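Reading through the structure tokens given below for one structure.
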Amino acid sequence: MMLRVIFRKELERYADLSNSVWVYSMWKGYLERSESLRRLQQWTQEHGMPFVFLHTSGHARLSDLKRLANVLSPQILIPIHSYHRELFSEFLKMSTV
């Protein structure tokens with residue numbers, strides 16, 4: 001499950017944490033800069049939870065975007081979080097907004 005740091009108390013109260021693993025998927029630098037994330041890492045250790053680092057960038061490769069567009073075959077594509085949305089129509093061969 002995905003959850004936020006602030007929900008540690010609810011986890012302790014309502015969830016069975018045995019055999020749990022905390023997967024941290026953000027940039028490692030945030031751990032160094034954030035007191036709350038360091039407390040989270042300490043909390044996982046106190047509860048016997050491995051703190052596993054598995055970075056996910058959140059950025060899709062062009063080949064993945066093309067495959068997704070081909071599978072979905074949308075009439076129109078609305079790029080979100082892009083600095084060059086005008087390139088989507090060129091690369092994906094479809095109308096964009």
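What number results when the radius of gyration of segment 1-96, computed over Cα atoms, is divided by 2.2 N^0.38 Å?
Working: Rg = 19.3 Å, N = 96, 2.2 N^0.38 = 12.5 Å.
Scaled against compact globular proteins, the figure is 1.55.
Kirkwood hydrodynamic radius for segment 36-87: how many Å is it when counted over pairs of different Cα atoms?
This gives a value of 14.7 Å.
Using a Gaussian network model of the chain whose springs link C-alpha atoms within less than 10 Å, name the residue from L65, L54, L37 with the highest mean-square fluctuation.
Of the options given, L65 has the highest mean-square fluctuation.
Can you give me the relative contact order of the chain as a percent, contacts being Cα pairs under 8 Å and 6 or more apart?
Reported as a whole number, the value is 23 percent.
In terms of modelled amide H atoms, which long-range or inter-chain residues lie less than 5 Å from the amide H of Y24?
Excluding prolines and chain starts, which carry no amide H, the hits are V52, F53, L54.
Tell me which of L87, V52, L40 sits at the most positive position along the dipole axis of the chain, charges placed on C-beta atoms (Lys, Arg +1; Asp, Glu -1).
The Cα lying farthest towards the positive end belongs to L87.
Between helix 62-72 and the chain, what is the angle of the helix's C-alpha long axis to the longest principal axis, kept within 0 to 90° and rounded to the nearest 10?
Computed tilt is about 80 degrees.
Per DSSP helix of 4 or more residues, -39500 (n - 2.57); summed, then divided by the residues of the chain. What does that give at 222 nm, rounded to the nearest 500?
Computed mean residue ellipticity for the chain: -12500 deg cm²/dmol.
Which number comes out as Rg/Rh for segment 22-61 once both Rg and the Kirkwood Rh are worked out on C-alpha atoms?
Taking Rg over the Kirkwood Rh, I get 1.03.
Sorted by accessible area (1.4 Å probe), largest first, how do H81, H59 line up?
The residues order as H81, H59, largest area first.
Could you sort Y24, Y83, Y30 by their accessible area in this structure, using a 1.4 Å probe and putting the largest first? The partial results should precede the final answer.
Working: Y24 10, Y83 210, Y30 105 Å².
From most accessible down to least: Y83, Y30, Y24.
Please calculate how many Å² of accessible area the chain carries per residue, with a 1.4 Å probe and no DNA, RNA or ligand atoms counted.
Counting only protein heavy atoms, the per-residue value for the chain is 83 Å².
Ignoring ligands, DNA and RNA, what percent of the 1.4 Å accessible area of the chain is carbon and sulfur?
Working: 4420 of 8090 Å².
That fraction is 55 percent.
The values are calculated or read from the model by the stated rules, or taken from the named source; none is laboratory data. Given the structure is predicted, the values throughout are model-derived calculations rather than measurements. Here Cβ is always computed from backbone atoms with ideal geometry, including for glycine, and neighbour counts include all displayed protein chains. Surface accessibility is based on the protein's heavy atoms, side chains included, excluding ligands, DNA and RNA. Shrake-Rupley method; radii C 1.70, N 1.55, O 1.52, S 1.80 Å.
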